[in-house]
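The values are calculated or read from the model by the stated rules, or taken from the named source; none is laboratory data. Keep in mind that this is a model prediction, so the values were computed, not measured. Glycine gets a Cβ as well: all are built from the backbone with ideal geometry, and neighbour counts include every protein chain shown. These area figures cover heavy atoms from the full protein model, side chains too; ligands, DNA and RNA do not enter into them. Shrake-Rupley method; radii C 1.70, N 1.55, O 1.52, S 1.80 Å.
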Amino acid sequence: MKTALVTGAASGLGYELTLLLAKDHYKLILVDVNPEALEQAKTNLLQDFDVEVITLVKDLAVPNVAEDIMKSIDYQPIDVLINNAGFGLFGTFAETDWKRESAMLHVHILSATHLTKLVLEGMVKRGSGKILNMSSLAAFQPGPLMSIYYASKGYMLSFSEAIANELKGTGVTVTAVCPGPTQTSFQQTVSENTTDNKIKFNMACAKSVAEYGYKAMLQGRTYAIPGRFNKFLATLPRFLPRRTATYIVSTIQKKNREE
Ligand SMILES: NC(=O)c1ccc[n+]([C@@H]2O[C@H](COP(=O)([O-])OP(=O)(O)OC[C@H]3O[C@@H](n4cnc5c(N)ncnc54)[C@H](OP(=O)(O)O)[C@@H]3O)[C@@H](O)[C@H]2O)c1
């Protein structure tokens, strides 16, 4: 039986991805910071699928948590790694909360990169393995009012593409999935100053985004952007001066969120 480890598995895109893995009979190791949601996810999975589910309540913002996760599962071989956990934060960098931003950098960059390193050695030795890194449409240009979020997703895309290239011929693939706005809890937690989600336009459903990303991972694609309009938006900055692309994002961000 093959084993999949998913971070941020308790809700949204992570949960939808675990459903797809369960359908394909993977043994599931689910990591999330939210114990109640994680337990609920496990209960739902066991109700609907004949799968083994291990849950690990871990905060991916804590230094060296990746090592801690691997220790907790006795360094068992991982066939599929999905680095999905993440969150956004809206506001000007001069005013945003550093604690939250530091946590974001740990979750999006350090823990995901470290987990990738820890599972990769075994994957390369076995000559097979799949890694899905959850990036974002935000990866393709700077993002005023969500500067750290956009930059960290840019890191995830660049890192994934680079190691995907290094891994050619090894049997291990790395896929960065770059969704546009998707209906999950993300949209509610991104802004501390509002409970009203103002993004209504171009909003995708989590199930279809997860299905698209999962298929891209199975195909071993290096990156995948769900939705035609999102593909267009990701390509646009290549034909614009960088400051124009940055200005457009700034205008959209201001329009989309209440201050
Ligand atoms: N939704 C979008 O519009 C969108 C677009 C592009 C990319 N993405 C990316 O997709 C990924 C999944 O987000 P989502 O939209 O599915 O949002 P979500 O529904 O909020 O799911 C994210 C999950 O990650 C968990 N998480 C957050 N911080 C964590 C930490 N420190 N340690 C462990 N787990 C943690 C969350 O737990 P809590 O609920 O307890 O915080 C939650 O269960 C993120 O990387 C996000 O950046 C989302």
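Candidates 47, 61, 78 compared by Cα position along the dipole of the stretch 33-85: farthest toward the positive end lies 61, with charges placed on Cβ. For the stretch 58-156, rounded, prolate or oblate, judged on the Cα gyration tensor with a ≥ b ≥ c (square roots of eigenvalues), a/c < 1.5 rounded, else prolate if a/b > b/c? Taking the square roots of the gyration eigenvalues as a ≥ b ≥ c, the stretch 58-156 is oblate.
Computed with a 1.4 Å probe over protein heavy atoms only, the accessible surface of the stretch 201-250 comes to 64 Å² per residue.
Rolling a 1.4 Å probe over the protein chains gives residue 131 an accessible area of about 0 Å².
Only protein atoms count toward the accessible area here, which uses a 1.4 Å probe; on the chain, the carbon and sulfur part of that area reaches 55 percent. Candidate cross-link partners of residue 58 among the aspartates and glutamates, defined by an alpha-carbon separation under 19 Å and a same-chain spacing of 8 or more, comprise 32, 36, 39, 67, 68, 74, 101. Cα centroid separation, the stretch 157-176 to the stretch 115-142: 7 Å. Radius of gyration over Kirkwood radius for the stretch 3-256, both on Cα atoms: the Rg/Rh ratio is 0.95. A 1.4 Å probe run over the stretch 9-51, with the rest of the protein chains in place, finds 45 Å² accessible per residue. Take the chain, mark every one of the trypsin sites (Lys or Arg not before Pro) that falls in a DSSP loop and has at most 11 other Cβ within 10 Å, then report the longest stretch left between them, sites excluded. Free of exposed loop sites, the longest segment is 1-167. Taking the stretch 152-241 as the region of interest, the number of lysine pairs whose Cα atoms are within less than 25 Å, with members eight or more places apart or on different chains, is 14. In loop segments of the stretch 30-97 as defined by DSSP, the GluC sites (Glu not before Pro) with at most 12 further C-beta atoms inside 10 Å of their C-beta are 95.
Using helices alone, what [θ] at 222 nm do you get for the chain, with -39,500 (n - 2.57) per DSSP H run of 4 or more residues, divided over all residues and rounded to the nearest 500?
Values: 10 runs with 118 residues, N = 259.
For the chain, the value works out to -14000 deg cm²/dmol.
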